[in-house]
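Bear in mind that the values in this text are calculations on the coordinates, not laboratory data. This structure is a prediction, so every number in the text was calculated from the model and none was measured. Here the Cβ positions follow ideal geometry from the backbone for every residue, glycine too, while neighbour counts run over all protein chains shown.
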Amino acid sequence: MKNVLTMASKNIILMMSLFLAVTMISSCGEDDEMMQPMTPDPSNVVASFSSQVDAENSLTYSFTNNSVVNGITDTSFDSAWDFGGDGTSTDASPVYTFSGEGTYTVTLTVTASDGVTATTSETIEVTAPKNRYAVIADLADDDTGELRFAAMDSIRTGRVTFMYRVFEDAADGFINVSGPSTTGDFAIVEVRLKDNVPHEFREGASDDAVANANFPEGVIDTWVPVEVSWAASADSSTPPTFSLSIGGQSVITDALSTTNGGDGDVPGHLEATKEGAYNFQWKYNSTSSTSDGVFQVDDIVIYSSDSGTEEVYFSDDFQGYTAGDNLDPADADGNPINANSVYHPNCSEVTVGEDQ
């Protein structure tokens with residue numbers, strides 16, 4: 001009997017040992033499973049953007065990146081833009097100028113910090129910029145149409161360049177470069193621009209200058225370049241000299257500015273012009289009549305060499321305006337019309353035109 005109990009006790013102890021061993025092994029396995037790293041869920045990336053064409057240049061667009069990243073702590077992302085094969089950018093919200101008009105598929109690819117990407121595209125119809133310019137009319141019978149720019153101070157040595165365009169049967173257009181006074185007899189030089197006959201001087205040219213001038217004929221429906229330069233004398237004892245070219249053709253060089261008002265106007269002319277140019281007038285038609293036509297002016301650039309180096313003093317290509325804008329700062333009574341206009345209050349009947 002004793003042997004039987006001893007044997008039973010040994011079997012019980014053996015079974016308990018096996019049970020404990022299995023339990024420990026199973027427990028270790030569960031611990032190993034619990035220690036395995038968890039794989040985080042991927043981020044949720046939504047690519048989105050909007051675009052806006054530039055008001056001054058229809059080839060230029062501003063792109064606003066509206067993309068979002070959710071589901072992860074670091075919501076930053078990288079951007080890759082493809083402008084329809086015309087160019088690329090990695091800016092978040094770029095400004096891009098297309099090389100020309102056409103249809104472009106703009107694609108934005110967004111890459112989140114965990115490597116997840118999203119892509120979106122938009123087709124854009126890009127149009128070429130429409131040229132804008134000043135349109136000078138004359139529908140009032142008591143004044144000429146006029147665009148006038150006045151410098152802050154006289155420019156002793158300089159030049160002005162611009163483009164003009166007229167149409168068939170238009171009245172005369174004028175460019176007048178003068179000192180503080182815009183009275184015709186006191187001009188440095190004033191030129192009458194014709195539609196289909198040779199141009200001519202109106203003021204400032206001596207008989208010799210008129211005889212020696214090489215004026216081209218006017219042309220219609222074509223932008224024609226004009227350049228007028230001047231140089232005041234070193235001691236201001238004589239009027240300035242001037243040079244003129246129209247359509248790339250030199251008309252006259254270094255002519256002495258002269259009054260057409262007779263000997264009595266010589267002192268007044270010298271006083272008005274000796275310091276150089278101050279007023280720049282583009283005028284259309286006359287004070288005693290009206291015209292159904294217009295005188296168009298574009299790409300005005302006024303240069304000064306008074307510092308010893310030629311610098312741009314003023315320029316206007318009219319692209320910063322909207323078609324139909326009135327360039328008159330104020331009416332005849334001083335009431336504001338366009339407070340943002342950089343031109344003289346004596347402007348009259350001048351607006352911004354646009355080619356279609």
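Placing R0 at 41 angstrom, the Cβ-Cβ distance between Ser62 and Ala231 gives a FRET efficiency of 0.35 after rounding to 0.05. Computed from phi, the 3J(HN,Hα) profile of region 304-314 under the Karplus parametrisation 6.51, -1.76, 1.60 (θ = phi - 60°) reads 10, 10, 5, 7, x, 10, 5, 10, 6, 8, 7 Hz, with x in place of Gly and Pro. Helix 2-34 and the long axis of the chain differ in direction by around 0°, with both axes built from C-alpha atoms.
When only alpha carbons of the chain are considered, Rg and Dmax amount to 39.6, 161 Å. Projected onto its three principal axes, the C-alpha set of region 148-278 covers 43, 31, 23 Å, listed from the longest axis down. Peptides 159-170, 76-87 ranked from most to least packed by the mean count of surrounding Cβ atoms within 10 Å: 159-170, 76-87. Sequentially through region 287-298, phi angles give Karplus couplings (6.51, -1.76, 1.60; θ = phi - 60°) of 7, 10, 8, 10, 8, 7, x, 9, 10, 9, 10, 8 Hz, Gly and Pro residues having no value and appearing as x. Can you count the Lys pairs in the chain with C-alpha separation below 27 Å, eight or more apart or on different chains? Lysine pairs meeting the criterion: 5.
Taken one residue at a time, the phi angles of region 253-262 give Karplus couplings (6.51, -1.76, 1.60, θ = phi - 60°) of 10, 6, 7, 7, 5, 9, 7, 9, x, x Hz. Gly and Pro are set to x. Distant-in-sequence amide contacts of Thr258, defined by a placed amide H-H separation under 5 Å and a gap of 5 or more residues or a different chain, comprise Gly204, Ala205, Ser206.
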